[in-house]
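K.L.:
First, the structure itself, so that you have it in front of you.
Each value in this text was obtained by applying a stated rule to the coordinates, not by laboratory testing. Note that the structure is predicted; figures quoted are calculated from it, not measured. Counting neighbours? That spans all protein chains shown, and the Cβs are built from the backbone with ideal geometry, glycine included.
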Amino acid sequence: MRFLPQRKRFKDLSEQEILALAISSEEDDARIYRSYAEMLRSEFPGTAKLFDGMAQEEDTHRARLIAAHEQRFGPVIPLIRREHVAGFYTRRPVWLVENLGIERIREEAEVMEADAERFYLAAAQRTSDSATRKLLGDLAAAEAGHQATAASLEEEHLPQDAKAEEEATSHRQFILTWVQPGLAGLMDGSVSTLAPIFATAFATQDTWTTFLVGVAASVGAGISMGFTEAASDDGELSGRGSPIKRGLASGVMTTLGGLGHALPYLIPEFWTATSIAIFIVFFELWAIAWIQNKYMETPFFRAAFQVVLGGALVLAAGVLIGSG
């Protein structure tokens, strides 16, 4: 049994449907830009004004398209949207983009304009009416020129000092939401699992048992750290961001920190596995010191002394307990 396709191909659209698709696309893009503006207004007011201006540009395009449709086909516009056309470009949901940072949102807007330009160029080729063809060609040129429009809006709403302030705010938010809880998790996972893993290793000299203990300790610590971080602060007053994001960063990095020196015990030969695990431990500890220095502005040698010395003591404790 053959099913009819649920979506039309672009080449099968009538000229009225092409205009209707352009109208709905402009409406959607204006809504997206306004959503970006509202989402960014409290922390990035300059960029929010930029997106307000781009939404107004889309409203102007929509009005011109509606006027062209009324002139040719009357006031009733067919309901046709992007998802009704096979192979047509799509837009990311706003809730997916909002987690990617301000620079990624700006890049997404550039992609939107490039998609719209390609659509209008293709639509103009499919149109026989000279006035409609001219309108679509003009809109393609307008979408291509939106980078210049965005640049002028940026100069108006984002002077250099305001842009620098927004970038500093974005960086600070990234540190508070992702780096700080992730670093705490990595430190806890790397250090707190050392004693049980190496105590088990030297007590049993059984690599598989050691691996199971390491996985259990890492996953358990990750779950505990994730829930603790998420429940400790809702982020409303501290400004540290979503508790779900912070809990996820902390839990995942805690688990990875422990698994790093548990995985070598998949190797059956005890001393080979242990040598690799010890090497990975010191790599993890130096990586933590580097992250502290880069993102938390902790002097490198002080961070290295605290983390590496502390980790070495915990490792030694685990080995001594297991050997006893």
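K.L.:
Using per-residue counts of other Cβ atoms within 10 Å, averaged over each peptide, order 36-42, 214-220 from highest down.
P.N.:
On the way: 36-42: 17.4, 214-220: 19.9.
Answer by packing, highest mean first, reads 214-220, 36-42.
K.L.:
Explain nothing, just compute: Karplus ³J(HN,Hα) = 6.51 cos²θ - 1.76 cosθ + 1.60, θ = phi - 60°, for every residue of segment 76-92 in order, whole Hz, x for Gly and Pro.
P.N.:
Couplings: 8, 9, x, 7, 9, 10, 3, 5, 8, 10, 5, x, 6, 5, 10, 10, 5 Hz.
K.L.:
Within the set of other residues whose C-beta is less than 11 Å from the C-beta of THR90, count the net charge using Lys and Arg as +1 and Asp and Glu as -1.
P.N.:
Working: positive: ARG81, ARG82, ARG91, ARG92; negative: ASP28, GLU83, ASP115.
Around THR90, the charge tally is +1.
K.L.:
Can you order the peptides 125-134, 252-261, 54-63 by their average number of other Cβ atoms within 10 Å per residue, highest first?
P.N.:
252-261, 54-63, 125-134
K.L.:
Here's something else I'd like to know. For the pairs LYS8/LYS49; LYS49/LYS245; LYS49/LYS294, note any where the Cα-Cα span goes beyond 31 Å. Before the final figure, lay out each step's value.
P.N.:
On the way: LYS8/LYS49 37 Å; LYS49/LYS245 27 Å; LYS49/LYS294 33 Å.
Violating the 31 Å limit, Cα to Cα: LYS8/LYS49; LYS49/LYS294.
K.L.:
Between GLN71 and GLU83, what is 0.36 nm times their sequence separation minus the Cα-Cα distance? Round to one decimal in nm. All intermediate terms of the calculation are to be shown ahead of the outcome.
P.N.:
On the way: separation 12, 0.36 × 12 = 4.32 nm, distance 2.63 nm.
Net length gain for the segment: 1.7 nm.
K.L.:
Also, quick follow-up: I need the Kirkwood Rh of segment 8-158: take the reciprocal of the average 1/r across all distinct C-alpha pairs and report it in angstrom. Walk me through the intermediate numbers first.
P.N.:
Working: mean 1/r = 0.0629 Å⁻¹.
Radius from the Kirkwood sum: 15.9 Å.
K.L.:
Under a 5 Å amide H to amide H cut-off, with H placed in plane at 1.01 Å, what residues pair with ALA86 once short-range neighbours are removed?
P.N.:
LYS8, ARG9, PHE10
K.L.:
Now for a separate question. Before anything else, pin down the relative contact order of segment 164-323: Cα pairs under 8 Å, at least 6 apart, normalised by residue count, whole percent.
P.N.:
Relative contact order here is 33 percent.
K.L.:
Can you give me the Kirkwood hydrodynamic radius for segment 164-323, using every pair of distinct Cα atoms, in Å to one decimal?
P.N.:
Evaluated on segment 164-323, it is 16.2 Å.
K.L.:
In whole Hz, what ³J(HN,Hα) sequence does segment 222-231 give by Karplus (6.51, -1.76, 1.60; θ = phi - 60°), x for Gly and Pro?
P.N.:
So the J values, rounded to whole Hz, are x, 5, 4, 5, x, 5, 4, 5, 5, 8.
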